[in-house]
Amino acid sequence: MKFIGVDPGYDKFGVAIIENNNGENKLLFSDCIKTSAKLLLSERIFLIGKEFQDLIKKFNPDSLAIEKLFFTTNQKTAMGVSEAKGVATYIAKSNKLEVFEFTPLQVKTAIVGYGKADKNQISKMIPLLIKNWGDLKKKKMEDDEFDAIAIALTGLATSKNNFYNLKFSR
């Protein structure tokens with residue numbers, strides 16, 4: 001089973017593709033799709049959609065795991081992030097992917113076992129859940145990219161085919 005995880009945004013759109021074979025997770029790809037603040041929002045959303053579509057075609061995932069949005073302050077930012085989430089969901093559904101939405105609380109619970117876990121706890125747990133973590137280049141990951149990995153792992157952990165079938169890699 002292969003999940004594409006998304007931390008939606010229009011400045012930085014975190015994306016990760018993780019495959020699970022026999023309970024072992026392998027990170028196939030992760031990055032942030034970045035757009036320039038100099039572009040109109042419509043152009044930024046188009047560029048995100050185009051690159052996201054290319055990733056789906058290249059990696060052929062089975063499902064999308066995406067963060068459920070929750071905003072309390074900046075309405076302008078909320079609208080743009082909602083548009084990025086909408087384009088990702090549309091592209092996933094048009095490619096016949098099953099779509100799962102997770103709140104930050106659900107992601108923290110799936111990764112750490114505690115819904116109020118902090119970023120440090122999550123960053124220590126993720127390498128234990130990905131078999132090939134040590135083989136990956138030691139590049140500095142953006143928070144959005146790391147969040148997309150956590151969201152994809154949550155999708156794998158909670159999908160009906162893998163529930164209770166995750167193994168620690170170390």
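For the chain, state the semi-axes of the equivalent ellipsoid (square roots of 5 times the eigenvalues of the alpha-carbon gyration tensor), sorted largest first and rounded to whole angstrom.
Details: eigenvalues 123, 60, 46 Å².
Three semi-axes, in Å: 25, 17, 15.
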Work out the length of the dipole vector of region 2-158 about its Cα centre, built from +1 on the beta-carbon of each Lys and Arg and -1 on the beta-carbon of each Asp and Glu, and round it to the nearest 20 debye. 180 debye
Which listed residue (MET79, ASN132, GLY49) has the Cα farthest towards the positive end of the charge dipole for the chain, taking +1 on Lys and Arg C-beta and -1 on Asp and Glu C-beta about the Cα centre? ASN132
If R₀ is 22 angstrom, what is the calculated FRET efficiency for the pair SER82 and ASP143, using the beta carbon separation as r and rounding to 0.05? 0.70
Suppose each label sits 7 Å from its Cα in the direction of the beta carbon; what would the LEU39-LEU128 distance come out to in nanometres? 3.9 nm
Would you grab the residues whose amide H sits under 5 Å from the one on ASP7? Only those 5+ places off in sequence or on another chain, please, with H modelled 1.01 Å from N. GLY14, VAL15, ALA148
Provide the gained length on full extension for the span VAL99 to MET1, in nm with one decimal, where the gain is 0.36 nm per separating residue minus the Cα-Cα distance. 33.9 nm
Given the options ASN20, ASN60, ASN120, state which has the largest fluctuation in a GNM of the chain using a 10 Å cut-off (strictly under) for Cα springs. ASN120
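Just to verify a number: FRET efficiency for ASN21 and GLU51, C-beta to C-beta distance, R0 = 30 Å, to 0.05? Could the numbers behind the result be given before it?
On the way: r = 26 Å, r/R0 = 0.88.
So the FRET efficiency works out to roughly 0.70.
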Cross-link partners of LYS76 among lysines (Cα-Cα below 24 Å; sequence separation of 8 or more within a chain): LYS12, LYS34, LYS38, LYS50, LYS68, LYS85
Where in region 57-159 are there trypsin sites (Lys or Arg not before Pro) that are in a DSSP coil and have at most 16 other Cβ atoms within 10 angstrom of their Cβ? LYS68, LYS96, LYS116, LYS137, LYS138, LYS139, LYS140
Angle between the Cα long axis of helix 75-94 and the longest principal axis of the chain, 0 to 90 degrees, nearest 10? 60 degrees
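Antiparallel DSSP bridges in the chain: what percent, to the nearest 5? Intermediate values should be presented prior to the final figure.
On the way: 16 of 26 bridges.
The answer is about 60 percent antiparallel.
Only the coordinates and a few stated rules stand behind these numbers; no lab work does. Quantities reported herein were computed from a predicted structural model and do not represent experimental measurements. Every residue, glycine as well, gets a Cβ built from its backbone with ideal geometry; the counts of neighbours run over all protein chains shown.
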